[in-house]
Every structure is written in C-alpha cells, then in structure tokens.
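A short worksheet on the structure shown next.
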Amino acid sequence: MNFNRAVIKVGSALVAPTQEGCSGKYTLAIAQFITKCQQQGKEIILVSSGGVAAGRSLIQHGSPNLSLSTKKAMSSVGQMQMMANWQRFFDIPCSQILITQEDLADRRRFISIKHTIRIQLDNGILPIVNENDTIASASSSVGDNDNLAALVAQVCEADCFFILSDIDGVFTKDPNVHDDAVLIPEIDKITDEIYAMAGVSRNHLATGGMKTKIQAAEKAVENGINTYIINGTRSEVFASLLQEINPGTRFSADKDIITAKKHWLKHSLRSHGKIYLDAGAVNALINKGASLLPSGITSVNNKFEAGDSVDLIDVKSKKLIAKGISLYNHNDLKRIMGKHSDEIASILGHDEGDVVVHRDEMVIL
C-alpha cells in the first residue's frame, strides 16, 4: 500500500447518508485519512459523489422516480453543499472540477484536465472531481462515479485507487443475503466469475453497485493502478491503510500495462460508428498485429467523420473485436470497402492513407 499518488472515490451513501443533505458522519474520518496521507508527502485526488443526494431535500419533487431535469436541479444546488461539506474539514484549499464523458473523450480536454490537476497538486490544493450532472446529457454522461474515478486515476497517472463503499469489499456471495459469504482479500485477475459475485446495490441513494466498482477496478488495473474496495463507513479501516494493511479487497495492477492512449481509446472514447470485417481482416488484426485495410471491410453502419472512434466487428460472429480511429468518413468507406488500398485515390479523388484504421490508433478488445 506504498503509493505516491492516489485517487479516492467517495459515494453518495457516505457523503449524504440520509435525505437531509450532507453529513460529516463518514466524511470526517475520510478527510482525516486524506490529511495524514498528505502529511506523509502523498498526493490525493478526491472523486466525490453526492451532489444529487445533497440537494434532494432542497428541490420539491414529490416522487421517488426523479426526472432528469429534477436531478440536474438537485445536483446544481447540491454541489455547493457538498463542496462546503468537504472544505470545512481541510486547512488547505479545495478545488472543484466538473467533467463529462465528452471531456474525457476529447484528447485535448483530457490533456487539459491532466495539466490542471497537476498544477493544483503542485500548489498544495486538493482537487475534488465530480461528473457535471447539471449539463450532462444521456449521451455525454459517464453514468456512475466509480467508472469516472477510474478514468480520473488514468488522467492523473495515479498509482493507487481507493473505492470507498458501504461494504467491506468483494465477497464470494452477497453478504446481505448469505451468512456464509467470505470476503476476498486479493484478486489478481478480474474474470467472469468475479463479476458473477457482484451483487446489486440496495442503497437508493447510490447509483453504482458492486458491478460498477469491479468495472472501475478493471479499468484501473489495466493502467497499472492498484485498486482497493474498502468500507468507508468504518473509521478503523483508515488506520489499517496507514499501517499498510489491506482491510478490504485489493485488485493487483496488471504487469502488462497498455499504453495511456490505447486505454483512452478503450474506456474513454465514445464510438460513432460500426465497421464490419471479414474473416481475413479479423485474423490480421488479432493474430498479426496489422492495421485495417479497406479490402477487409464488408459493411459500414452509422454516420461518422474522419477522426472519429469506430467499433470494429466480426461480421460472422457479430462480436466487437476492436476500437480505433478511422481515417475516412462513413461515405468514403462505403465507396472503398472491399477495394485494394492502391485504388483509394482513383475512387475518392483523394488519399488519406493506405489503411482505414492504423494499428497505433487501435485497441484490440
């Protein structure tokens, strides 16, 4: 548990455990842990949920099923409550960083976020990140702060990622239902069996559940970040962490770390279209490390522009095999699909390159 820079994700159930706004019931102990880490020279980035939960009692709604507009209004006022709640525990200044899926998908914004956080850390400021619920649409929303925090950990180049929940970690069964459920302290590889153990969150204020926490862990470990799911409702777990004792479930970072750009392609960049490939192209991509040529394309779906991310799909199995950046738009691809690369210029009247998706701009799934 020896780390230099960590992202700590705190869920709504810890920030606003009741429907009466923010509380220090759990956040005080979390803030004390952050302060002790900073005193040891460690850098911390906090990803905090709770905007909607904090503003819930301030916006009249009259229904347990909230509309998107109502949630946005709650988030707008709740963000102020949440930030004030955190700031009161720290002598150092805190910053507020609100981001959306589109910010993470745009490479320039991605780098801008990275530089902003880096400067704040250099100046002794605690960055507090949350999804910008007020402006996020269904298409631009990450959807849950577990996965958002994993992407922030990538942006920040963190070496440790703590997901604070109201459960001790990953169990062999749902501990709320089965008395014989056993905590799994170490997970070296995230498999389908691990996902099968993930239960559904029973807390109505939470939006993630254990499944999204495992998804977030998978994103982080692929980027070489050791990840922990721990119980943030128990103050004693933070004493254990400071003594380098694992009080929850630890996911070991992958030794074969994929590049930052390919991790961004896989997890942050939203695909705009689908390109279907024949058996030869599938084999070349998966087994030969090749780029995608127009001759291996059988069909193109959806409208997209050159430079957009696209899904590459095996036409026979219908399985998604890769994602990448297309050098051609959908109209041009429909004209050159199935053709040899040396025919591109004569067909289109221009030539953006011999390949449709370059190997360096592609990640195999």
Note on segment 77-124: residues without any contact (Cβ under 8 Å) to a residue 60 or more places away in the chain, aliphatic (A, V, I, L, M), in contact with a strand residue (DSSP E or B) (Cβ under 7 Å, 6 or more places away or on another chain) and buried (at least 16 other Cβ atoms within 10 Å of the Cβ) are Met83, Ile97, Leu98, Ile99, Ile113
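Just to check your reading of the model, which residue among Thr191, Thr172 is over 29 Å from Ser235 (Cβ atoms) and surrounded by fewer than 23 Cβ atoms within 10 Å (Cβ to Cβ)? Steps first, please.
Working: Thr172 fails: over 29 Å from Ser235 (Cβ atoms).
None of the others qualify; the one that does is Thr191.
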So Lys114, is it closer than 24 Å to Leu14 by Cα and not polar (S, T, N, Q) = no
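Would you point out the residue of segment 339-358, among those that are closer than 21 Å to Leu285 by Cα and without any contact (Cβ under 8 Å) to a residue 40 or more places away in the chain, that is farthest from the chain's Cα centre (by Cα)? First the steps, then the outcome.
Here is the first cut: in segment 339-358, the residues closer than 21 Å to Leu285 by Cα are 339-342, 344, 352-358.
This time we only want the ones that are without any contact (Cβ under 8 Å) to a residue 40 or more places away in the chain, so: 342, 353.
Details: Asp342: 40, Gly353: 33 Å.
Within segment 339-358, the match that is farthest from the chain's Cα centre (by Cα) is Asp342.
Which residues, taken from segment 298-314, are hydrophobic (A, V, I, L, M, F, W, C) and either out of contact with any His (no Cβ under 8 Å at 6 or more places or on another chain) or in a loop (DSSP other than H, G, I, E, B) (or both)?
Just the residues of segment 298-314 that are hydrophobic (A, V, I, L, M, F, W, C), to begin with: 300, 304, 306, 310, 312-313.
Hits for segment 298-314 are Phe304, Ala306, Leu312, Ile313.
Being closer than 25 Å to Asp166 by Cα and either outside any helix (DSSP H, G or I) or within 25 Å of the chain's Cα centre (by Cα) (or both) is true for just one of Ile92, Ile34. Which residue is that? Show your work before the answer.
Numbers: Ile92 fails: closer than 25 Å to Asp166 by Cα.
Every option except Ile34 fails the conditions.
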Examine segment 67-76 for a residue that is surrounded by fewer than 16 Cβ atoms within 10 Å (Cβ to Cβ), farther than 27 Å from Arg234 by Cα and either β-branched (Val, Ile, Thr) or free of Cβ contacts under 8 Å to residues at least 60 places away in the same chain (or both), and state whether such a residue exists.
-> yes
Taking Ile59 and the conditions (1) surrounded by fewer than 20 Cβ atoms within 10 Å (Cβ to Cβ); (2) β-branched (Val, Ile, Thr); (3) closer than 26 Å to Ile325 by Cβ, which numbered condition does it fall short on, given that it satisfies the others?
-> (3)
Just a yes or no: is a residue in segment 154-161 under 30 Å from Leu98 (Cα atoms), touching a Ser or Thr at 6+ places or on another chain (Cβ under 8 Å), assigned to a loop (DSSP other than H, G, I, E, B) and at pLDDT 90 or above?
-> no
Assess whether Asp168 counts as being modelled with pLDDT of 90 or more, of a type in the set (Asp, Glu) and assigned to a loop (DSSP other than H, G, I, E, B).
-> yes
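The values are calculated or read from the model by the stated rules, or taken from the named source; none is laboratory data. The structure displayed is predicted, hence computed values, not measured ones. So basically every Cβ, Gly included, is an ideal-geometry build from the backbone, and we count neighbours across all protein chains shown.
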